[in-house]
Amino acid sequence: MPSALSYLLHLPVLSLWLIFFLENVIITAMVLFSGRLLHKAPYTYTAREWRICILTNILNTIVTYAGFWMWKNSIIHIATNISWMIVIDFLILFLAMDLLMFIFHYIIHKTFLFKAVHQLHHQSIDPSPIDLFVLHPIETIGFGSLWLILLTLYPFNIYAIITYLVVNVVFGLIGHLGIEPLPGRISNLPVIKYLGTSTFHHNHHQDVKYNFGFYTSIWDRLLKTYK
Ligand SMILES: [Zn+2]
Ligand SMILES: [Zn+2]
């Protein structure tokens, strides 16, 4: 991994933009393909949803490039050693982003920003996987900025960062599946009970007054907005 990172430093800028764009497109394709496999009945997406999805991919590419540029210019530091810190760093990233995104999401819902920005994502009352990318540009850049700001605070381990990014996409997919893949007996197990399941985010789309969390339901339970 350290050699892959330093390899990127020697590539021309245009190649980097292309690699980061392809990376985002592959992630999107994997989300849509996995959603199709899990749901069985195929989803149908409108031309408008596809257009917004492409725009989100372009904006996520800009966020990825910005992160690379910040790392290259020593604004973001990344640890590359293999140690127990990978687990600790992952947990910090997971819980910190969960809290930051909860605050961001809650504010968006309780202010003029809902109508101006977030309503677009909520046009889908029965979400499907593409809705993970049906976001207002301000939202995409907002989430991306929170992520990059968090990375500037501490030299997180690269393996923790990659694991977090994979987990983030998995939670995004699960929340917009439109079905609950977890049997009740598993979703009621300790720890898992506090994770953001498919039903948890689906209920947020059904009733916007509840479930503002993403990866966990901790903050909603504390603020009595859990459903
Ligand atoms: Zn919302
Ligand atoms: Zn959603």
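The values are calculated or read from the model by the stated rules, or taken from the named source; none is laboratory data. Quick caveat, the model's predicted, so the values are computed rather than measured. Note that each Cβ is placed from the backbone with ideal geometry, even for glycine, and that neighbours are counted across all protein chains shown. When the accessible area is computed, the model is the full protein with side chains, heavy atoms only, and any ligands, DNA or RNA have been set aside. Shrake-Rupley method; radii C 1.70, N 1.55, O 1.52, S 1.80 Å.
About the centre of its Cα atoms, segment 2-223 shows a dipole size close to 160 debye [charges on the beta carbon of Lys, Arg (+1) and Asp, Glu (-1) only; nearest 20 debye]. Straight-distance candidates among the lysines for linking to Lys227, with alpha-carbon spacing under 26 Å and chain neighbours fewer than 8 residues away dropped: Lys110, Lys115, Lys193, Lys209.
Among Leu22, Leu93, Leu14, the largest mean-square fluctuation in a Gaussian network model of the chain, built with springs joining Cα atoms closer than 10 Å, belongs to Leu14. Extension gain for Trp50 to Asn81 (0.36 nm times residue separation, less C-alpha to C-alpha distance): 7.2 nm.
Remark on Asn157: its backbone amide H falls under 5 Å from those of Ala79, a criterion applied only to residues 5 or more positions apart or on other chains, H modelled at 1.01 Å from N.
Thr216 sits among other residues whose Cβ lies under 15 Å from its own Cβ, and their net charge, with Lys and Arg +1 and Asp and Glu -1, is +1. Across the chain, the relative contact order, built from alpha-carbon pairs under 8 Å that are at least six residues apart, equals 24 percent. Each Lys or Arg adds one and each Asp or Glu subtracts one; over the other residues with Cβ under 13 Å from the Cβ of Phe133, this totals -1. Between amide H atoms placed 1.01 Å from N, distances below 5 Å from Val134 occur with no residue 5 or more places distant or on a separate chain. Amide hydrogen proximity for Leu195: with H placed 1.01 Å from N in the peptide plane, the residues at 5 or more positions away or on another chain lying under 5 Å are Ser217. Helix-only arithmetic for the chain: the sum of -39500 (n - 2.57) across DSSP H runs with n ≥ 4, divided by the residue total, places the mean residue ellipticity at 222 nm at -20500 deg cm²/dmol.
Rolling a 1.4 Å probe over the heavy atoms of the protein chains gives segment 1-155 an accessible area of 57 Å² per residue. With every protein chain in place and a 1.4 angstrom probe, the accessible-area ranking of Leu113, Leu38, largest first, reads Leu38, Leu113. When the surface is traced with a 1.4 Å probe over the full set of protein chains, Tyr210 keeps roughly 70 Å² accessible.
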